[in-house]
1. Only one residue in B:S145, B:S129, B:S137 is at positive phi and either surrounded by fewer than 19 Cβ atoms within 10 Å (Cβ to Cβ) or within 12 Å of chain A (Cβ to nearest Cβ) (or both), so which one is that?
2. For a quick check of your reading: which helices (runs of 4 or more DSSP H) sit entirely within the range B:125-225 and have at least 1 residues that are under 30 Å from A:A16 (Cβ atoms)?
3. What are the pairs, 6+ residues apart or on separate chains, where a residue within the range A:128-139 that is under 16 Å from A:G96 (Cβ atoms) has its Cβ under 6 Å from a residue that is aromatic (F, W, Y) and part of a helix (DSSP H, G or I)?
4. Among B:R133, B:R172, which is in contact (Cβ under 8 Å) with a residue 40 or more places away in the chain and out of contact with any Gly (no Cβ under 7 Å at 6 or more places or on another chain)?
5. For the range B:62-80, indicate whether the set of residues that are surrounded by fewer than 16 Cβ atoms within 10 Å (Cβ to Cβ) and under 20 Å from A:R74 (Cα atoms) is non-empty.
6. If I ask for residues that are surrounded by 15 or more Cβ atoms within 10 Å (Cβ to Cβ) and either within 14 Å of chain B (Cβ to nearest Cβ) or more than 21 Å from A:W164 (Cβ to Cβ) (or both), which ones from the range A:18-44 would you list?
7. Go over the candidates A:V22, A:V47 one by one and state the one that is assigned to a helix (DSSP H, G or I) and farther than 23 Å from A:W122 by Cα.
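The values are calculated or read from the model by the stated rules, or taken from the named source; none is laboratory data. As the structure is a computational prediction, the values presented were derived from the model and not from experiment. With ideal geometry, Cβ positions are generated from the backbone for all residues, glycine too; neighbour counts draw on all protein chains shown.
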Amino acid sequence: MKGTLWVLWEFQLRNALRSRWVLLYGGGLLLLTALLFRFGGTAEQVVVSLLNVVLLLVPLVALLYGVLGISSAREFLELMLAQPLQRQELFWGTFGGMALPLLLLPPLSIGIPWLVFAAGRWELLLTLSLGSMVLSLIGAAAGVAFALRWEERLHAIGVAFGFWFALTILYDGFILWAGIALRDYPIEHGLLLALVLNPVDLVRVATLLQLDAAALLGYTGAALERFAGSTLGILLAAGALALWCAFPLWLALRGFLRKDF
Amino acid sequence: MIELTNVTKRFGATEVLRGISLSIAPGSALAILGPNASGKTTLLKCMLGLTRPDSGEIRINGTPIGASAEYRRWIGYMPQHPHFPENLRAAEVIELVKQIRGLSAPVEAPYIEQFRLTSELHKPIRALSGGTRQKLSAVLALMSSPSILILDEPTAGLDPLAAHTLKTELQRCRQRGCTLVLTTHVLNDIPELVTEVVFLLEGRIVFRESVPQLFAESNSRHFSEALVHRLQRS
């Protein structure tokens with residue numbers, strides 16, 4: 001007999017894969033990548049064009065998917081909790097089934113045209129795919145945590161938008177402001193550290209460094225390349241990413257275990 | 001046996017349940033009545049472990065409900081507003097619950113026939129009406145032949161024929177010794193379904209009385225009149 005987690009994953013996956021929004025998201029990314037390859041040219045050019053889509057769209061879609069996935073399933077979760085299921089089991093079953101298509105769609109939608117157009121530069125595809133998966137996981141977990149904390153759907157969506165805006169735009173704005181305001185001080189390493197601590201910036205930096213674009217950024221770019229290439233830089237980046245994945249997941253699990261349905 | 005001892009629950013500043021103590025014997029049938037926001041649904045959700053009481057204890061067949069989820073194997077539940085994943089089909093939802101409960105035989109078949117759901121089974125949930133979803137919810141609650149049925153407004157949204165079918169099924173469950181706990185605003189259903197009522201007001205039990213006694217005290221043939229008479233006495 002199948003384990004309960006598998007049963008929950010299977011049915012959640014079936015539900016997600018039949019959703020027109022999931023199909024639209026995957027199909028849209030696939031079409032965009034194919035068009036960029038068809039008209040844009042090389043793998044490097046396509047990645048530069050796709051990078052902003054991945055950095056802005058992927059976390060936003062994942063956040064909204066997480067919020068709506070939980071807030072629209074509240075009564076169903078109630079029914080599931082009335083079955084002989086542990087809360088923890090139900091959380092992992094529901095979250096796993098919800099998040100899996102979200103994690104796999106960007107790599108597949110970008111990877112299939114990449115294969116079809118035989119673009120080469122596989123390390124670029126790998127970086128972009130892993131980056132999109134990490135951003136999807138963080139977004140989905142944070143979205144679930146927000147939906148569990150704020151019962152009113154519009155409220156949770158508002159918080160999700162605020163989080164996305166802070167992560168993708170405000171944070172960079174703050175770093176830019178700090179860079180200008182404190183330009184007379186030796187703050188390069190502090191700013192580089194700040195860049196590594198934001199997952200969106202981390203994915204951006206990791207991809208750009210593979211494109212040798214850091215050379216265009218002058219002294220800062222060289223410092224960035226040195227820092228990100230060092231053992232300390234890699235450890236810090238990996239640690240920050242692991243924490244970024246674990247913290248929203250922990251928040252979501254904690255919220256689910258404590259929730260009064 | 002369902003036993004609640006001094007159960008309290010607060011949502012923010014609102015105290016929803018205030019020291020509820022209640023004992024429901026196996027095989028009995030009890031309706032929890034009261035105005036809106038009196039704590040009926042919260043009380044049912046506490047019995048199911050969906051909502052955690054702030055204090056007090058709940059035991060089902062002697063097992064404290066916080067210890068494990070296994071006690072829910074004995075329980076069938078019909079929520080007030082049934083909601084299922086929109087892209088699944090009714091048959092898949094039934095299969096999901098069967099797999100979770102470890103049921104393999106076609107236990108749902110007689111109920112699907114009773115509720116005339118055969119033609120709806122392979123339609124996506126989003127294409128089903130509210131009444132059909134309620135019938136599906138009834139099938140899910142009944143199909144595992146639970147020893148306890150907890151029903152929140154079970155006949156709300158059902159057409160008269162489906163409501164009659166559900167009431168017949170519930171009476172059948174009672175004949176085989178099932179414990180029935182329900183809330184309803186349809187007072188005409190009460191004498192048909194239960195033998196006892198508990199009246200809640202602002203999270204407190206105002207009275208608990210048997211249905212025949214309510215009728216006897218009021219000299220009325222209508223349950224609503226009997227209930228009003230009893231409330232005036234309180």
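1. Step by step, each of B:S145, B:S129, B:S137 is checked, and only B:S145 is at positive phi and either surrounded by fewer than 19 Cβ atoms within 10 Å (Cβ to Cβ) or within 12 Å of chain A (Cβ to nearest Cβ) (or both).
2. B:130-142
3. Between residues of the range A:128-139 that are under 16 Å from A:G96 (Cβ atoms) and residues that are aromatic (F, W, Y) and part of a helix (DSSP H, G or I), the close pairs are A:I138/A:W244.
4. B:R133
5. no
6. Across the range A:18-44, the qualifying residues are A:R18, A:S19, A:V22, A:L30, A:T33, A:A34, A:L36, A:F37, A:G40, A:A43, A:E44.
7. From the options A:V22, A:V47, the qualifying one is A:V22.
One line per residue, one yes/no per condition, for (1) aliphatic (A, V, I, L, M); (2) in contact (Cβ under 8 Å) with a residue 12 or more places away in the chain; (3) more than 25 Å from A:L126 (Cα to Cα):
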{"residue": "A:G3", "(1), (2), (3)": "no, no, yes"}
{"residue": "A:T33", "(1), (2), (3)": "no, yes, no"}
{"residue": "A:L51", "(1), (2), (3)": "yes, yes, no"}
{"residue": "A:V58", "(1), (2), (3)": "yes, yes, no"}
{"residue": "A:V61", "(1), (2), (3)": "yes, yes, no"}
{"residue": "A:G66", "(1), (2), (3)": "no, yes, no"}
{"residue": "A:I70", "(1), (2), (3)": "yes, yes, yes"}
